[in-house]
1. Please indicate, with yes or no, whether at least one residue in the stretch 97-113 is among the hydrophobic types (A, V, I, L, M, F, W, C), over 24 Å from A26 (Cβ atoms) and out of contact with any strand residue (DSSP E or B) (no Cβ under 6 Å at 6 or more places or on another chain).
2. Taking the stretch 115-132, which residues are touching a helix residue (DSSP H, G or I) at 6+ places or on another chain (Cβ under 8 Å) and either touching a residue at least 60 places away in the same chain (Cβ under 8 Å) or surrounded by 14 or more Cβ atoms within 10 Å (Cβ to Cβ) (or both)?
3. Take the conditions modelled with pLDDT of 95 or more, within 18 Å of H142 (Cβ to Cβ) and assigned to a strand (DSSP E or B) and apply them to I34. Does it pass?
4. Taking the stretch 78-106, which residues are over 22 Å from L51 (Cβ atoms), part of a strand (DSSP E or B) and open to solvent by 50 Å² or more (accessible area, probe 1.4 Å)?
5. Among G67, G62, which is out of contact with any Leu (no Cβ under 8 Å at 6 or more places or on another chain) and loosely packed, with under 14 Cβ neighbours inside 10 Å?
6. Of all residues in the stretch 134-157, which are over 13 Å from the mean Cα position of the chain (by Cα) and either hydrophobic (A, V, I, L, M, F, W, C) or crowded, with 17+ Cβ neighbours inside 10 Å (or both)?
7. Give me the pairs, please: first residue somewhere in the stretch 49-61 and within 21 Å of A32 (Cβ to Cβ) and touching a residue at least 24 places away in the same chain (Cβ under 8 Å), second residue anywhere and part of a strand (DSSP E or B) and open to solvent by less than 30 Å² (accessible area, probe 1.4 Å), beta-carbon distance under 6 Å, and either six or more positions apart or on two chains.
8. Within the stretch 37-74, restricting attention to residues that are part of a strand (DSSP E or B) and acidic (D, E), which residue is farthest from the chain's Cα centre (by Cα)?
Amino acid sequence: MKCKLMYCLLVVSSVSFNAFADDKKAITKIIAGIEYGWENGDGKPFRENYLDFDGARYIESGGQNEGLDDLVMHHVEPEKDALEYLELDFSNIEINVENNFAWALADTRVKGKVRKSQREFDKKGYQTFLFRKVNDQWKVIHTHSSTRDYKPKKHSH
């Protein structure tokens, strides 16, 4: 009897571990799509992976977009024309999953050049993503980004 119980516990824990691994993989793929969307001024990854609901807000360095259309049409897509280039890197991504809710934290580095003024920027900071599982699909329900000018540490000799 003990062996059967231990076997059942092993099966249950491996199933939940596999589900967690699948969730992490799906969320990592969504974050990669968001990175691609920002860099290329492409709203498609946002429309596919964000849950469009009344009251949705996406916050970035003191500003916010209200709703998915506002984010895509007034932020993501216009940057394609406003910027000569945009490089975005999410790294050290930490994903946490609790049932049908998940959140991810990422280090952020963003570089670009404004076409009109030729001003270049280089910023680093952090990004938070909140997710909800809807019909077995992870959807972004909120993002918050905070960055500041990148200042490399000076090494003393």
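The values are calculated or read from the model by the stated rules, or taken from the named source; none is laboratory data. Predicted model only: the values in this text are computed from it and were never measured. Here Cβ is always computed from backbone atoms with ideal geometry, including for glycine, and neighbour counts include all displayed protein chains. Keep in mind that these areas ignore ligands, DNA and RNA; they rest on the heavy atoms of the full protein, side chains included. Shrake-Rupley method; radii C 1.70, N 1.55, O 1.52, S 1.80 Å.
1. Within the stretch 97-113, not a single residue is among the hydrophobic types (A, V, I, L, M, F, W, C), over 24 Å from A26 (Cβ atoms) and out of contact with any strand residue (DSSP E or B) (no Cβ under 6 Å at 6 or more places or on another chain).
2. Within the stretch 115-132, F129, F131 meet the criteria.
3. Taking the combined requirement at face value, the residue does not satisfy it.
4. Passing the criteria: E84, Y85, E87, D89, N92.
5. Sole residue among the options that is out of contact with any Leu (no Cβ under 8 Å at 6 or more places or on another chain) and loosely packed, with under 14 Cβ neighbours inside 10 Å: G62.
6. V134, T147
7. N49/V140; Y50/V140; L51/I141; Y58/N65; Y58/T143; E60/S145
8. Within the stretch 37-74, the match that is farthest from the chain's Cα centre (by Cα) is E66.
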